[in-house]
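**Q** Handing you this structure, nothing more for now.
The values are calculated or read from the model by the stated rules, or taken from the named source; none is laboratory data. None of the values given here were measured: they were computed from a predicted structure. So basically every Cβ, Gly included, is an ideal-geometry build from the backbone, and we count neighbours across all protein chains shown.
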Amino acid sequence: MTFDRRTFLRGLGAATASSLALTSTVSAKGKNGPKKRGFPPSGITEWGGSQKIGNGEVSTFATVTPSGNPKQVGVHFSEGALDALPYAEDFENGNVDNAMKSHGVWMKPFTLDLPDVVPEPFEYVGAGWNPQGHTPKGVYTKPHFDIHFYFNDRETIGDIGINPDTGKPYVISTDDIEKGQVPEGYVLLEGGAVVPNMGAHLAPADAPELDSGKNPDGASDWLHTLIWGAADVDDDDAYELNYVEPMITVDYLQNHLEGVQRQSIAQPDAYPQDGYYPTSYVTRNLGDDGWAVVVADFEKQEA
């Protein structure tokens, strides 16, 4: 993996906090969701915000039993959502709303409300379409979506800023993260840089895309990864987990995902807040009903 931390930090420092915040207009709640395949189950599923993308839309949902047991929290890509997506030329020509450029690549960030029934600590979704990928260079280069399920509200996430002494993002090590909160087998990405209005990124140390020396095709073969995030959300100089994030390539959804794929989520030994945390990450090909990206199999934890 090729990564120049100084170049990365310089690029982030040059970006304004407002441009890095994943904020754009969210449509009203009330989407009914896919009809044909019984997922997510009607009657116990509520829908949140949605955003037009491609020739379709992406929407949030949560499935909770009548007794209050959360089953899943996810996003649904409707049929057509992956068609006619905007690419670099569209961004360059000014044809994309809420576009931003960082490290020489274009992206379209947006936020989505979660439905009212979503379990704590979930607050909202901060998503982004990345037609040219993003940093680290040579790793997450394929067109993909970032889907941050944040554990704090928009204002708190928006207050994650740069180091005023350097004009660059804060840089942390795993020692700066609250004891026990580094998920098993996870390491910091991007030299430990804390991305403004977001947080630092932790990924599985054995993810093939991170080891280009042993697997030169790792980056090109990359399809999806489950990220945990960390930030100092209460200004106490201690960093805690603040989101869980599936990163999903269009290639995976269109060409590799068949039926239902389920993976376990590596867990920390300690949690930042009381609430329900997912232990599984599920992707579904719904045929004519599109695709779903879901966190599920929740366990109640205490901070």
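**Q** So which of Glu79, Glu89 is free of Cβ contacts under 8 Å to residues at least 24 places away in the same chain and over 14 Å from the mean Cα position of the chain (by Cα)?
**A** On the way: Glu79 fails: free of Cβ contacts under 8 Å to residues at least 24 places away in the same chain.
One residue alone meets the criteria, Glu89.
**Q** Got a sec? Which strands (runs of 3 or more DSSP E) wholly within the stretch 143-262 have at least 2 residues that are surrounded by 19 or more Cβ atoms within 10 Å (Cβ to Cβ) and either among the hydrophobic types (A, V, I, L, M, F, W, C) or at pLDDT below 95 (or both)? Outline the logic, then answer.
**A** Values: elements: 144-150, 186-188, 200-204, 224-231, 240-249.
It comes to 144-150, 200-204, 224-231, 240-249.
Residues checked against (1) assigned to a strand (DSSP E or B); (2) touching a Lys or Arg at 6+ places or on another chain (Cβ under 6 Å):
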position: Phe39; (1), (2): no, no
position: Glu46; (1), (2): yes, no
position: Gln51; (1), (2): yes, no
position: Thr63; (1), (2): yes, yes
position: Gly68; (1), (2): no, no
position: Val73; (1), (2): yes, no
position: His76; (1), (2): yes, no
position: Glu79; (1), (2): no, no
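**Q** What do you reckon, is Asp116 in a helix (DSSP H, G or I), of a type outside the set (Lys, Arg) and either without any contact (Cβ under 8 Å) to a residue 40 or more places away in the chain or within 24 Å of Ala292 (Cα to Cα) (or both)? Full working, then the answer.
**A** On the way: in a helix (DSSP H, G or I): no; of a type outside the set (Lys, Arg): yes; either without any contact (Cβ under 8 Å) to a residue 40 or more places away in the chain or within 24 Å of Ala292 (Cα to Cα) (or both): yes.
No; evaluated as a whole, the condition is false for this residue.
**Q** Further, regarding this structure: Can you tell me which residue within the stretch 267-303, out of those that are surrounded by fewer than 17 Cβ atoms within 10 Å (Cβ to Cβ) and under 21 Å from Thr249 (Cα atoms), is modelled with the highest pLDDT?
**A** Selected residue: Ser280.
**Q** Go through the residues of the stretch 129-136 one by one and say whether even a single one is at pLDDT 95 or above and not in a loop (DSSP other than H, G, I, E, B).
**A** Within the stretch 129-136, one or more residues are at pLDDT 95 or above and not in a loop (DSSP other than H, G, I, E, B).
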